[in-house]
Amino acid sequence: MAGANVVRIGIMSFAHMHAHGYASCLQKLPNVEFVGIADDDRSRAEQMANHYGVRAFDSYEQMLASDIDAVIVTSENANHRRHVAMAAQSEKHVLCEKPLATTKKDAEAIVEVVRRSKIKFMMAFPCRFHPAFKRLRETVDSGDLGKILAMKGTNQGQCPGGWFTDTKLAGGGAVIDHTVHLADLMRVLTKAEPARVYAEIDNHIFRGDFDDTGIITVEFTNKVFATIDSSWSRPKTYPFWGNVNLEVIGTEGVARMEMFAQKIDLYSDKTGRHTYEYWGDDVNLALIDSFARSIAQDSPVEITGEDGLRALEVALAAYESSKLHEPIDLLN
Amino acid sequence: MQRVAVIGAGTMGRTHAEAYARMPNAELVAICDSRLGAAQQLADKYSARAFADINLLLSDVDLDLVDICTPTHTHIDYIKAAAAARKHICCEKPLTRTTGQAMEAVRICQEAGVMLFPAQVLRWFPEFRKMHDLIVSGAIGTPVVVRTSRCSAYPRGTDDWFADMKNSGGVALDMIIHDYDWLRWCFGKVKRVYARGLYESNIPLTDYALVTLRFENGVIAHVEGNWARPSGFVATVEVAGTEGLLSYSSTESVPLTVELKAKGEQKAGVTVPESPVSKSPYYLELEHLVNCLETGCKPEVSAEDGLEAVRIGEAALKSISTGQPIALA
Ligand SMILES: NC(=O)c1ccc[n+]([C@@H]2O[C@H](COP(=O)([O-])OP(=O)(O)OC[C@H]3O[C@@H](n4cnc5c(N)ncnc54)[C@H](O)[C@@H]3O)[C@@H](O)[C@H]2O)c1
């Protein structure tokens, strides 16, 4: 179904496992064409390209020089800056995996590179597209909950292992990996910016040189306070990879969102395990659809690099706070 | 046989009175409440005597134990009066409104040679005892990160005394002191407290607090207290360790649910979930106390435990007020 409105997309690196989710969405969506894959690891590019029936490029340069319109950057966090800059140089639009970068400097550089280019840059915060979150947002916006007073979020998961525990590539451990999703959702709901961050962070689950446990408190410019649990505290035997839960306390009521509650309990003697089989919406579909539409229609992206930067700042401040045992003010 | 007077004839006073009345080795002999009518009504039910003045009661009635179930800010005065009369004391949580008062209470009772038993009842809730025992047995390896949550609608005491945050301490003291005590029982000493909450927000009949505790053994605990939940009570706990995770929710521990169709004028039917146990945690708690008095054993919860729980609550309130983490010596 090729046509003027079909957006041609390539994937830059399969380092992040979310690349698989995005790849299968690229195959399903009618308004995009999954062109190919490039990767620092040439054999991985070939293997994945075979698997998805797309072209394996020899290099990022080769893919960026082709007639694709856009790329999805799913490299290690520390490589986002370099890969986004390459894509911008070649005037390819970018959907960038979270977190935006591993340092504030890199994140700001990405925002700046994008600002100076003509490309569309979208942050991959797929949770924004979950129907339960959309309903929560509508409920908050309708005023049914009254004024928001506080929020409580968890994005707990199993430890993904691999480079996620290599702080040079990931920028940290659990906290940088998980804090940004909820920081973003909370910004959307309160329509305010994080102003102050306090955190207790440690590594006592795996005792590695990366953090695996974090309880982060965020105060927003409008005085709403919230906590985010971004621990890799789901054991290997847990029935699911983790959760994204968010509770909103308002003057007129409370709301609870459990994003992956739409599930079937499966008890299997074949695997010797109990698992949750999620059957709700695939949020990545809506994410990529939104990205493709803003390219096809030349309209603003729904989630910007600044959004990515604001969320990252919360995670970075959390690390600083935990070291100093002091709250960190963000607005100065 | 322990002769007991209950002070305060409200929700907790009635609960404690009923427990003593059923206990074979306790005798409920008097009820005291500043509302004499309330004292009388409860006393009549158990053929006890009613008083409005504790000093009259103490001079008139032969007693072993004074059980204080009045609003929190009045606890210290009753502890002083009972200790002066050399009576053993049971006191509802929070032991006192402030740490200073709690320290004074501990000292006074020590000097008077009487027992001061803080009614930290969570230790007698079978689900919390089970979780404690599992954790201590190493079922989840070394515990690392903990979440507890205790939610309800805003409590409405006599004359709405909970609504005066200065007297009740709000949700961060009154409600989640249960969890502070349970967490101390499981994980030991708290090193640092950080909290955000609505304690000073002056929103009528609404309070909410999110408290982070750092324990000396490294455990990080997130403690939620919610007095803004329209649908009523729920408690949840989750403890993640190096080799597992345990989780509990009161809403999922319901062996019986009775649903009745709407009747007459009523628009909606009624659903009543029940988690029945043969002996209530309050009964078990007070039975333990009475048995200790009978046999001279040390109770499982000490006056110092009551004091430390208040100290954590007060630190949480101070953190809410100052925006700073509070180190506990
Ligand atoms: N362990 C628990 O689960 C639990 C639950 C609720 C309350 N509590 C605690 O128990 C205590 C009582 O709470 P409650 O819910 O029963 O309150 P309540 O308002 O139901 O009862 C308090 C009673 O004390 C009386 N009173 C008030 N001031 C008095 C005074 N100065 N002298 C004598 N009597 C006085 C009132 O008339 C009332 O009858 C509080 O410290 C509260 O925090 C514990």
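No lab work stands behind these numbers, since they all come straight from the coordinates. Computed from a predicted model, the values in this text were never measured in an experiment. Note that we place each Cβ from the backbone using ideal geometry, even for glycine, and neighbour counts take in every protein chain shown.
Starting from the Cα of B:GLU104, move 7 Å in the Cα-to-Cβ direction to define the label point; list residues of the stretch B:69-96 whose amide nitrogen is under 14 Å from there. Zone members listed by number: B:73-84, B:96.
Taking θ as phi - 60° and the Karplus parameters 6.51, -1.76 and 1.60, the scalar couplings of the stretch B:193-209 work out to 10, 10, 8, 10, x, 9, 3, 9, 8, 6, 9, x, 6, 9, 8, 7, 8 Hz in sequence order, x denoting glycine and proline.
Checking the Cα-Cα distances for A:LYS236/B:LYS189; B:LYS130/B:LYS191; A:LYS152/A:LYS323; A:LYS152/B:LYS318; A:LYS323/B:LYS130; A:LYS236/B:LYS318 against a 27 Å cut-off, the pairs over it are A:LYS236/B:LYS189; A:LYS323/B:LYS130; A:LYS236/B:LYS318.
I'd like the Kirkwood hydrodynamic radius of chain B, using the inverse of the mean 1/r over distinct C-alpha pairs, in Å. Present the calculation step by step, with values, prior to reporting the outcome.
Values: mean 1/r = 0.0483 Å⁻¹.
Over chain B, the inverse of the mean reciprocal pair distance is 20.7 Å.
In a simple Cβ point-charge model (Lys, Arg +1; Asp, Glu -1; nothing else charged), the stretch A:7-119 has a dipole of about 340 debye relative to its Cα centre.
Near A:VAL32, the amide H atoms lying under 5 Å from its own belong to A:VAL7; only residues 5 or more places off or on other chains count, and H is placed 1.01 Å from N.
The Cα-based radius of gyration of the stretch B:72-135, divided by its Kirkwood radius, gives an Rg/Rh of 1.09. Dipole check for the stretch B:1-150: with +1 at the C-beta of Lys and Arg, -1 at the C-beta of Asp and Glu, and the Cα centre as origin, the magnitude is about 480 Debye.
To the nearest 0.05, how large is the calculated FRET efficiency for A:LEU266 and B:LYS45 if R₀ is 60 Å and r is the Cβ-Cβ distance?
Numbers: r = 53 Å, r/R0 = 0.89.
Taking R0 as 60 Å, the efficiency between A:LEU266 and B:LYS45 is 0.65.
For the stretch A:233-243, putting each phi into the Karplus relation 6.51 cos²θ - 1.76 cosθ + 1.60 with θ = phi - 60° gives couplings of 9, 8, x, 4, 7, 5, x, 8, 5, x, 8 Hz, in residue order, rounded to whole numbers and with x for Gly and Pro.
Shielding value for B:320-327 is 2, the average number of Cβ atoms from other chains within 10 Å of each residue's Cβ. Treating each Cα of the stretch B:35-124 as one equal point scatterer and applying the Debye formula with no solvent, the log10 of I(q)/I(0) at q = 0.12 Å⁻¹ comes out as -0.37. Relative contact order of chain B: 19 percent, from C-alpha pairs under 8 Å at least 6 residues apart in sequence. Computed about its Cα centre, the charge dipole of the protein assembly as shown is approximately 300 debye, with only Lys, Arg, Asp and Glu carrying charge at their Cβ. For A:LYS118, the lysines whose Cα falls under 29 Å of its own Cα, not counting residues fewer than eight places away in the same chain, are A:LYS28, A:LYS92, A:LYS98, A:LYS104, A:LYS105, A:LYS191.
Under the classification rounded if a/c is under 1.5, otherwise prolate if a/b is larger than b/c and oblate if not, where does the stretch B:184-329 fall, given a ≥ b ≥ c as square roots of the Cα gyration tensor eigenvalues? Note, shape of the stretch B:184-329 comes out oblate.
What the Cβ-Cβ distance of A:LYS105 and A:LEU169 gives, at R0 = 22 Å and to the nearest 0.05, is a FRET efficiency of 0.85.
Placing unit charges on the Cβ atoms of the charged side chains and taking the dipole of the protein assembly as shown about its Cα centre, the candidate lying farthest along the positive direction among A:THR275, A:THR179, B:THR212 is A:THR179.
For the pair B:ARG35 and A:ASP141, label points projected 7 Å from Cα toward Cβ lie 4.8 nm apart. In chain A, the longest principal axis of the Cα atoms and the axis of helix A:283-296 are about 60 degrees apart.
Evaluated at 4 °C with a viscosity of 1.567 mPa s, what Stokes-Einstein diffusion coefficient in µm²/s does the stretch B:101-178 have when Rh comes from the Kirkwood expression over alpha-carbon pairs? Write down the numbers at each step before the final one.
Details: Rh = 15.9 Å.
Stokes-Einstein gives a translational diffusion coefficient of 82 µm²/s.
Treating r as the C-beta distance of A:LYS323 and A:ASN5 and R0 as 41 Å, the FRET efficiency rounds to 0.25. Computed from Cα positions, the angle between helix A:174-190 and the longest principal axis of chain A comes to roughly 80 degrees.
Listed by chain and number, the aspartates and glutamates placed with their C-alpha closer than 18 angstrom to that of A:LYS263 are A:GLU277, A:ASP281, A:ASP282, B:GLU252; residues fewer than eight positions away on the same chain are left out. Relative to one another, the C-alpha centroids of the stretch B:1-15 and the stretch A:111-172 are positioned 52 Å apart.
Other chains' Cβ within 10 Å of B:223-231 residues: what's the mean? Each step should come with its number before you reach the end.
Numbers: counts 0, 5, 0, 5, 0, 8, 5, 3, 2.
Average neighbour count from other chains, rounded to a whole number: 3.
For the protein assembly as shown, the residue among B:ALA119, A:GLY36, B:GLY141 whose Cα projects farthest onto the positive side of the dipole built from Cβ charges is A:GLY36. Using a simple spin-label model with pseudo-atoms 7 Å out from Cα toward Cβ, A:SER59 and A:ARG256 lie 5.5 nm apart.
Which of the helices in chain B meet the span-like rule: DSSP H, Cα axial reach of 24 Å or more, Kyte-Doolittle mean at least -1.0? Before the final figure, lay out each step's value.
Values: long enough: B:303-322 (28 Å, 0.13).
Taking the DSSP H segments of chain B (at least 24 Å long, mean hydropathy at least -1.0), we get B:303-322.
In loop segments of the stretch B:28-118 as defined by DSSP, the trypsin sites (Lys or Arg not before Pro) with at most 14 further C-beta atoms inside 10 Å of their C-beta are B:ARG35, B:ARG86.
How much of the DSSP bridge set in chain B is antiparallel, in percent, rounded to the nearest 5?
Values: 35 of 63 bridges.
Here the share of antiparallel DSSP bridges comes out near 55 percent.
How about the stretch B:229-310: which GluC sites (Glu not before Pro) there lie in a loop by DSSP and see at most 12 other Cβ atoms within 10 Å? Mind dumping the intermediate values first?
On the way: sites: B:GLU238, B:GLU243, B:GLU252, B:GLU259, B:GLU265, B:GLU274, B:GLU285, B:GLU287, B:GLU294, B:GLU300, B:GLU304, B:GLU308; in loops: B:GLU243, B:GLU265, B:GLU300.
Those that pass, being in a loop and sparsely packed, are B:GLU265.
Remark: the stretch A:37-54, residue by residue, has Karplus-estimated 3J(HN,Hα) of 9, 10, 7, 4, 8, 4, 5, 5, 4, 5, 4, 5, 4, 4, 4, 9, x, 10 Hz, where x stands for each Gly or Pro and the curve is 6.51 cos²θ - 1.76 cosθ + 1.60 at θ = phi - 60°.
Legend: Rg and Dmax of the stretch A:150-207, from Cα coordinates, 13.1, 37 Å.
Once C-alpha pairs closer than 8 Å and six or more residues apart are averaged by separation and normalised to the residue number of the stretch A:7-119, the relative contact order reads 25 percent.
Once you order the gyration tensor axes a ≥ b ≥ c over the Cα atoms, which shape class does chain A get: rounded for a/c under 1.5, otherwise prolate or oblate by comparing a/b with b/c? Before the final figure, lay out the partial values.
Working: a/c = 1.41, a/b = 1.34, b/c = 1.06.
Taking the square roots of the gyration eigenvalues as a ≥ b ≥ c, chain A is rounded.
The mean sequence separation of alpha-carbon pairs under 8 Å and at least six residues apart, normalised by the residue count of the stretch B:154-291, gives a relative contact order of 15 percent.
Relative to the longest principal axis of the Cα atoms of chain A, helix A:131-142 runs at roughly 50 degrees. What shape does the protein assembly as shown have by the C-alpha gyration tensor, where a ≥ b ≥ c are the square roots of the eigenvalues, rounded means a/c under 1.5, and otherwise prolate means a/b greater than b/c and oblate the rest? Verdict is prolate for the protein assembly as shown.
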